[in-house]
Structures are given as structure tokens and as C-alpha cells.
Amino acid sequence: MPGARGIEITQVVEWKDGEAHRVEDYLAGEEPLEMRSGRQRLGVTLRTPGNDCELVAGFLFTEGIISKCEDLVSMEAPGDSSQRLTAKNNIVRVKLRSGVRPSARKTARRFSAGSACGVCGKESIAQLRRRGIRAPETESRFDPEMLCRLPEKLRGTQAIFGRTGGLHAAALFREDGELLVLREDIGRHNAVDKVIGWALLQGRLPLSGHALLVSGRGGFEIVQKALSAGIPLLASVSAPSSLAVRLARELGLTLVGFLRGRRFIVYAGEQRLERRSC
């Protein structure tokens, strides 16, 4: 869960039943985060403070800058109590293994955008293949009834969303529906990177036999990140994009959208779902 900076308290005027009242309200925290490797700037994003090392680790992995946890020699991050070293501002400094050097071409397109849009100007599916992103394993099978219970588990664990109403969430589940980790952020791409970063730092990649549930829509970026982590099933409570569906079908990801109540739509990879209706 994000730390103290994840929530801010402010004074607002509430209009209710014809009367105005001044009350306290909670806002989701949003601050810039810069990533650096030595003197090289890897990117800047707007994020909800907290789990910054997971965010950076997940981003570096899903964007192909590193390929395994051992490529990260050390990280120095602000506000992460789990780290022995801390910075005084919103900068995460990483030391990469000798021989891991982000090229100018790769880092030039890294995200310096707002938290909602992710990385713009994405390379083609063919270029993702050249990165070595492969289809997830095919052995996993998921119970539709179990999938239908996941959104309730996600909402019940969204501590900061419950107070602010302003955050996205990504949650990782085992094949039997057990929740392993949930991360919140003002950007859905950041929330996914935090989850994948957690798994990378825990030595759990690839995430065979797991399902990832995201709030909002399932866009191309989210599908790419799930595939990079070896996740066989990605579900969202809203719609996927056309490019996300195309990527999921080409690389063998099970893609579920509109997962609400006792209904969902399978856009790709239906073979991983047990043959009974929800």
C-alpha cells in the first residue's frame, strides 16, 4: 500500500440537499518520479507515491531494459521503508549489472507523459516479438466462477480507492483465486508495473498459472506488460482496445473484458477457461 504521501487531506465545499458545507476530503497523491541510471535519465512519470522500487523494477523489466532481477544491482528510492538507502526527492537511482546499458534509442521513447496514458508511440507487435516476448504457458485452466469473484476481492482490498475514489488497481491472483498482491496508483500502467516489479523482486517470474485483474480498460500497454511477465490470463472490468485484442490473439494470452458481476467477455484465449458458463 502506498505510504503517507499516497493520500492528501484537503478542505472542500460539499453541496448537498440545497445546502453548502465545508468538509474535509481525501485526494489521491500524485507526484513525479524520475528514474536514473548514473547520469542517464531513464524516464519520468506521474505516480502515487509508494512501492517506488517495485514500480521502477517492473517498468525496467516490462520495457525490456532488464531481463532478470540480477540485472538490478541496487536501487535507491524515496519513501520506501524496505530500502536501506533513501533519497530526499522523487528520484529512484538504479545501478545496473555490468553489461546492461540502456541504449539511447530505447530510453528516448520512455515515458515522460501523464499517469493516465502510459507510453505513447509504442512499437509494433513485430518489434515486441523481436524483444523475445513469447506466448504464456498453455497448461493453466481457470474456473469462470472463480473469475467472477475477483472484482469483489479487488474492490475489498483497495484501501486508498475506498477513501479517495481516484486510483486504479492491479491485482495478481493464483489459479485458484487466492489474492497474492494488489497495488494502487493514479495510473493503471504504474499499478501493473508495481505488481510485476513485486513479482520480479520476489523471484516469482514468469507468472505461470496466475491471473492479473486491472481496473479500467485493458489496453495494448497492459497486454504487453502481462505477456512480458508470462501471465496467461489478463482480465479487466472494462473494454480492451482493438490493438490489445490483436496482440493477445497473436501471442496466445487469454484476454477477458467487462468482468462485472456474473458476466464477462472473452476476446482471446478461451481455451484456458473451463467449459461451463458463469
- [ ] Give the span of region 177-220's Cα atoms along each principal axis, as three whole-Å numbers ordered largest to smallest.
- [x] 26, 21, 20
- [ ] Could you tally the net charge around Ser242, taking each other residue with its Cβ under 13 Å from the Cβ of Ser242, Lys/Arg +1 and Asp/Glu -1?
- [x] +2
Open item on the list: Please compute the length gained on full extension between Arg260 and Val12, using 0.36 nm multiplied by the number of residues separating them and subtracting their Cα-Cα distance.
Closed with: 86.0 nm
- [ ] Which order do the peptides 173-184, 59-70 take when ranked by the mean count of other beta-carbon atoms within 10 Å per residue, highest first?
- [x] 59-70, 173-184
Task: Net lengthening on full extension, Arg155/Glu34 (0.36 nm per residue, minus Cα-Cα) - done: 40.6 nm
Task: Listed pairs Lys153/Lys225; Lys95/Lys225; Lys16/Lys153 exceeding 25 Å between Cα atoms - done: Lys16/Lys153
Task: Rounded, prolate or oblate (a/c below 1.5 giving rounded, otherwise prolate when a/b exceeds b/c) for region 205-265 by Cα gyration tensor - done: oblate
Open item on the list: Per 0.36 nm of contour for each residue apart, how much would the distance between Ala20 and Ala135 grow if the chain were fully extended, relative to their Cα-Cα spacing?
Closed with: 35.8 nm
Open item on the list: Highest mean first, how do 187-196, 28-37, 15-24, 231-240 rank when packing is the count of other Cβ atoms within 10 Å averaged over residues?
Closed with: 187-196, 231-240, 28-37, 15-24
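Values in this text are rule-based calculations from the coordinates and carry no lab data. These figures come from a predicted structure and were not determined experimentally. Because the Cβ atoms are built from the backbone with ideal geometry, glycine has one as well, and the counts that use them run over all protein chains shown.
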